[in-house]
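The values are calculated or read from the model by the stated rules, or taken from the named source; none is laboratory data. Just so it is clear, the model here is predicted, and its values are computed rather than measured. Here the Cβ positions follow ideal geometry from the backbone for every residue, glycine too, while neighbour counts run over all protein chains shown. Ligands, DNA and RNA are stripped out before the accessible areas are found, and what is left, the full protein with its side chains, is counted by its heavy atoms. Shrake-Rupley method; radii C 1.70, N 1.55, O 1.52, S 1.80 Å.
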Amino acid sequence: MKEGLLQMNGRTTVADRILQFNEGLAGTTLELPPGFRVVNPFSGPQKERVREVTTAFYRRYYADDRPRRLVLGSSPARRGTAVTGVPFEDAKLLESDTGVDIADGYAVSRPSAGFLHDVIARYGGREKFYADFVMSFVCPLGLVRTNPKGREANCNYYESKKLIEPLRSFLVDSLERQLEFGTDTSVCYCIGSGENFKFLSALNDSQGYFKKIVPLEHPRFITQYNGGRKEEFTEKYLSALRGVGD
């Protein structure tokens, strides 16, 4: 009812803005150097299921016009978010939330997903977390590279100068469009404390999008290389998200 009232009054919800952003991505084509390819969940072979999943998800958690802070990863994994269209989400949780069967072709790093969803649970659960944050990416479309053996693998926008230059205008435009969600720009959280943080910080220094950017280690770095420090990193995430020390 609240969503309907917002739309009847000529106002849009955060869900409307995110879904409109996704529709814009559906029509995006990018010219990349040889050996690289874009994975676009919004125009790919599963686009109808992606539209169904994303619509159900965002209508559930974002049917209001409350300002939220951005949590930005680098880019979607080709068999993760690039299949579902919902950043950092686990297929089974999405199926439970949306009632849509989405498991075909979906693979997720369960330790990484488990870490993030443990953080979300300890923050106060999904309703509370998504009321405060929008999870997305600096590069909202998936990228893959072909290795010498002809096999495709995930890659990040910052891995090659010959890749980042043709993407730069798209990255800037995508970030500015995500600010139009009604974003709280007092702080942005960057998943990936290395090159992703470096690029985003340099862009922010020149454009002043956010008052500050807080780097957070990537869950894969935590779970694969620092599993014994998981609790320490979980507390770091929670302290940052709760604004401790601001």
Just to be sure I understand, how many residues within the range 19-43 are assigned to a loop (DSSP other than H, G, I, E, B), in contact (Cβ under 8 Å) with a residue 24 or more places away in the chain and surrounded by 14 or more Cβ atoms within 10 Å (Cβ to Cβ)?
7
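On the given criteria, is Leu203 aliphatic (A, V, I, L, M), closer than 23 Å to Lys230 by Cβ and touching a residue at least 24 places away in the same chain (Cβ under 8 Å)? Outline the logic, then answer.
Working: aliphatic (A, V, I, L, M): yes; closer than 23 Å to Lys230 by Cβ: no; touching a residue at least 24 places away in the same chain (Cβ under 8 Å): yes.
No.
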Subset of the range 122-143 that is open to solvent by 10 Å² or more (accessible area, probe 1.4 Å), within 14 Å of Phe88 (Cβ to Cβ) and assigned to a helix (DSSP H, G or I) - its residue that is modelled with the lowest pLDDT
Arg126
Considering Ser239, Ser201, which residue is more than 25 Å from Arg59 (Cα to Cα), of a type in the set (Gly, Ala, Ser) and touching a strand residue (DSSP E or B) at 6+ places or on another chain (Cβ under 8 Å)?
Ser201
Where Lys149 falls short, out of the listed (1) in contact (Cβ under 8 Å) with a residue 12 or more places away in the chain; (2) in a loop (DSSP other than H, G, I, E, B); (3) open to solvent by 10 Å² or more (accessible area, probe 1.4 Å):
(1)
List pairs: first in the range 62-85 and over 13 Å from Leu141 (Cα atoms), second at pLDDT below 85, Cβ under 8 Å, 6+ apart or cross-chain?
Ala63/Lys2; Ala63/Glu3; Ala63/Leu6; Asp64/Lys2; Asp64/Glu3; Asp64/Leu6; Asp65/Leu6; Asp65/Arg11
Does Ala63 satisfy the condition of being touching a Ser or Thr at 6+ places or on another chain (Cβ under 9 Å) and in a loop (DSSP other than H, G, I, E, B)?
yes
Evaluate the following for Gly208: is it over 17 Å from the mean Cα position of the chain (by Cα) and modelled with pLDDT under 95?
no
